[in-house]
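This report refers to the structure that appears directly beneath it.
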């Protein structure tokens, strides 16, 4: 019995739920946190869903749902075996316990099995080789973390006295709220679009990048994603959302606007390779960028306002970094085990 069709669609559904529950919350986490007490969840969902639909339909119309992020993957030659369901299942479990893990490493590395050497020593070497697909994705993601971390720390050292300190001391008035609502929803839309064009590849790789997907199949995939997005918004983000809630003043719509804007700009820079360090179409982990941004922001604010870093803040920063690094190790080990099993 040919299980290709079943594995493709079950894998797509599992990957969709895992990615929506993990990466989406990191992207829209501040948007949820800063609006959940004033705006109904379904209004927030409709806003996010409309941008999701626009991005997917736009990609489908030009036969490029993954926005070029799968150009380096020979997806037409993939034979979908049962073990292709393991990464999204593992990702689903990790997400449920609140660990922000990179879906890029967990899912996309599986589809690079033919590029991974057969012997263990060469496998380990590929992790550190930027010319290898796995090593390139890892190094690009680490660079994303470092750039997000350093940029956020410098920015918040410069502006937090004028922004965060003032925001905490002066609650937002109703007269100014409308202005900040417009600004935040605009920056969130910009960020959400940048994220979608980066990470839709992590989901649609199970449908071979959406190449030659019939209109009915595309519509079904769109309904699945929009439905899962509604569930996550209804659940107020789930366990991963705590990564956002624990950071300083993220419930303030003004602070959330700054976070979303900086995050969106960094993703935009990597998307079009303005730094010239890595290939623009090489996938990267947006999770690492997000965690680096929050860490740099937290340190910048604390150094500016308190002139020191408490043990609590230091532990928080290293704990978040430890979680994504743990997710990286699990991803790589899982793919190596599958490679050995598959021969």
- Message: Which residue is farthest from the chain's Cα centre (by Cα), if the candidates are limited to segment 305-328 and must be in a helix (DSSP H, G or I) and surrounded by fewer than 11 Cβ atoms within 10 Å (Cβ to Cβ)?
- Response: 306
- Message: So, in segment 65-103, how many residues would count as being in a helix (DSSP H, G or I), more than 25 Å from residue 215 (Cα to Cα) and modelled with pLDDT under 75?
- Response: 3
- Message: Go through (1) farther than 21 Å from residue 42 by Cα; (2) buried (at least 16 other Cβ atoms within 10 Å of the Cβ); (3) modelled with pLDDT under 90 for residue 180 and report which single condition fails.
- Response: (1)
- residue 20 passes all but one of (1) closer than 30 Å to residue 172 by Cβ; (2) touching a helix residue (DSSP H, G or I) at 6+ places or on another chain (Cβ under 6 Å); (3) at pLDDT 80 or above; which number fails? (3)
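The values are calculated or read from the model by the stated rules, or taken from the named source; none is laboratory data. Given the structure is predicted, the values throughout are model-derived calculations rather than measurements. Note that we place each Cβ from the backbone using ideal geometry, even for glycine, and neighbour counts take in every protein chain shown.
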